Amino acid sequence: MKVTIYSKEKCTYCSKAKAMLNSLGIEYTEKKLEEFKTVDDMFKDIGKQVRTMPQIKIDNELIGGYHQLVEHLDDKGLVNYKGEKVEQR
């Protein structure tokens, strides 16, 4: 699974998304808003204009923000609907 997180400084949900992925041992690439020359450059990299952060791509497909990440990982049986790690049996 190739994961990219678009984040910005002092973003609570960005931190939560990264912490969840870290707890699951899922590696990701982080691209910070502050590293792009312009916001439009970041939009081009994401593939669309967005209003919230983080924005997360999995296998080059934009899935959305933190809550969509929880839904995606819940569908895979890795976390519950609260984003808490599910113990594998």
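The values are calculated or read from the model by the stated rules, or taken from the named source; none is laboratory data. Fair warning: this is a prediction, and the values are worked out from it, not measured in the lab. What goes into the accessible areas is simple: the full protein's heavy atoms, side chains included, and nothing from ligands, DNA or RNA. Shrake-Rupley method; radii C 1.70, N 1.55, O 1.52, S 1.80 Å.
In table form, for the structure just shown:
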item	result
Cα-based Rg of the chain normalised by 2.2 N^0.38 Å, two decimals	1.07
Residues whose placed amide H lies under 5 Å from that of LYS31, excluding near-sequence neighbours	ILE5, TYR6, SER7
Per residue accessible area of the chain, 1.4 Å probe, in Å²	68
Contact order normalised by residue count of the chain, Cα under 8 Å, 6+ apart, percent	32
Tilt relative to the chain, helix 66-75 - C-alpha long axis, 0 to 90 degrees, to 10	40
Exposure rank, largest accessible area first [THR4, THR38; 1.4 Å]	THR38, THR4
Accessible area of the chain belonging to carbon and sulfur atoms, whole % at 1.4 Å probe	44
Cα extents of region 36-86 along the three principal axes, largest first (Å)	39, 19, 14
Long pairs among LYS44/LYS85; LYS16/LYS85; LYS32/LYS85; LYS57/LYS85; LYS10/LYS76; LYS44/LYS76, criterion Cα-Cα beyond 23 Å	LYS44/LYS85; LYS32/LYS85; LYS10/LYS76; LYS44/LYS76
